[in-house]
Amino acid sequence: MFRPIRLALAGLVVTHAAHAHEFWIEPTVSGTQVTVEVHVGEHFEGEVFPFEPRAYETALWVGPETRQALHTRPLAQRDLSLAAQGEGLHVLAIASFGQTLRHPSLQDFKEFADSIGANHVLREIPPVADEDGRLRETYRRFSKTLVHFGERRDEDRRLGLQYEWVQGSDGFTLYSGGTPAAHHPVDVFCRQADMQVRESRLRTDDTGNVAPSVKPAERCLINAVFLRPHEDGRRWSSDWVSLLWDS
């Protein structure tokens, strides 16, 4: 399946095509600075794109005491520097604009729903293809990356995204709006130093919490997808919610 990303900036529209399920932003820390790359793919592998915060509806860099809105930077400010605001946890969070793709067939859409654990949604509301046999889907991305500078301290917290993961002392809580999402399917990918990837499918509990098994020195990605009919009644919507962290 091809899931394009369209990044619109200053009237310029750039289209990237990628075999895309998961979306995440990989950080590289050097001293008190961090550089990041956008990754889109599956099984913790995929294509790599530069990070341009003005191409997103929301892009935040949140430190222990300050909160920067990166998506509102002036066009004249070309250099993006993500700097530590002291020691402790920093969070890079984005919410994308909605993009639309067309599944080539109803069967393709059903296979997609199966891959994200959303078959129950289609049983409740059977999808209907367009006259040409295709089916339209509008999707958005909500992603957080946790970065630690110096001593590990401070706790992750909600930043106000419509969909959001929050790391806590006993696992991760998935929020849909302001409400924890109970009994929702979740995929977890953990990459070890030798680049081997462990994958698991879990489900949040009654409180929207899930506690994946993580080994030391792993980089992990947790992802959930919300699939529903679009309010216009002619297409479907999906919201992809991810969080990247180092164990």
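Only one of (1) farther than 17 Å from His184 by Cβ; (2) open to solvent by 30 Å² or more (accessible area, probe 1.4 Å); (3) in contact with a strand residue (DSSP E or B) (Cβ under 8 Å, 6 or more places away or on another chain) fails for Asp132. Which number is that?
(3)
Return the only residue of Ile94, Ile116, Ile125 being open to solvent by 50 Å² or more (accessible area, probe 1.4 Å), at pLDDT 90 or above and aliphatic (A, V, I, L, M).
Of the residues listed, the single one that is open to solvent by 50 Å² or more (accessible area, probe 1.4 Å), at pLDDT 90 or above and aliphatic (A, V, I, L, M) is Ile125.
Please work out which one of (1) touching a Phe, Trp or Tyr at 6+ places or on another chain (Cβ under 9 Å); (2) open to solvent by 40 Å² or more (accessible area, probe 1.4 Å) is the condition Val241 fails and give its number.
(2)
May I ask you to verify whether Val186 is in a strand (DSSP E or B), farther than 23 Å from Val29 by Cβ, free of Cβ contacts under 8 Å to residues at least 60 places away in the same chain and in contact with a strand residue (DSSP E or B) (Cβ under 9 Å, 6 or more places away or on another chain)?
yes
Looking at this structure, is Val186 under 23 Å from Ala113 (Cα atoms) and surrounded by 11 or more Cβ atoms within 10 Å (Cβ to Cβ)?
Taking the combined requirement at face value, the residue satisfies it.
Tally up the residues in region 217-232 that are more than 17 Å from the chain's Cα centre (by Cα) and touching a residue at least 24 places away in the same chain (Cβ under 8 Å), please.
Total meeting the criteria: 5.
I'd like the full set of residues that are open to solvent by 60 Å² or more (accessible area, probe 1.4 Å) and either of a type in the set (Val, Ile, Thr) or part of a strand (DSSP E or B) (or both), limited to region 165-183.
Thr179
Filter region 129-176 for residues that are hydrophobic (A, V, I, L, M, F, W, C) and either closer than 26 Å to Phe97 by Cβ or without any contact (Cβ under 8 Å) to a residue 12 or more places away in the chain (or both) and give the result.
Ala129, Leu135, Phe142, Leu146, Val147, Leu159, Leu161, Trp165, Val166, Phe172, Leu174
Name the pairs whose Cβ atoms lie under 7 Å apart, with the first residue in region 233-247 and under 18 Å from Val91 (Cβ atoms), the second among the hydroxyl-bearing types (Ser, Thr, Tyr) and surrounded by 15 or more Cβ atoms within 10 Å (Cβ to Cβ), and 6 or more positions between them or separate chains?
Hits for this filter: Trp240/Tyr139; Val241/Tyr163; Ser242/Ser143; Leu244/Thr145.
For region 160-177, what are the residues that are at pLDDT 95 or above and charged (D, E, K, R)?
Listed by number, the list holds a single entry, Glu164.
Could you check, for region 101-111, whether at least one of its residues is in contact (Cβ under 8 Å) with a residue 40 or more places away in the chain, in contact with a His (Cβ under 6 Å, 6 or more places away or on another chain), farther than 22 Å from Phe51 by Cα and open to solvent by less than 20 Å² (accessible area, probe 1.4 Å)?
Within region 101-111 (the criterion being in contact (Cβ under 8 Å) with a residue 40 or more places away in the chain, in contact with a His (Cβ under 6 Å, 6 or more places away or on another chain), farther than 22 Å from Phe51 by Cα and open to solvent by less than 20 Å² (accessible area, probe 1.4 Å)), the answer is yes, since at least one residue qualifies.
The values are calculated or read from the model by the stated rules, or taken from the named source; none is laboratory data. For clarity, every value in this text was computed on a predicted model and none was experimentally measured. Cβ sites come from the backbone with ideal geometry, for glycine too, and all protein chains shown count toward neighbours. Each accessible area value is taken on the protein alone, full model and side chains, heavy atoms only, with ligands, DNA and RNA left out. Shrake-Rupley method; radii C 1.70, N 1.55, O 1.52, S 1.80 Å.
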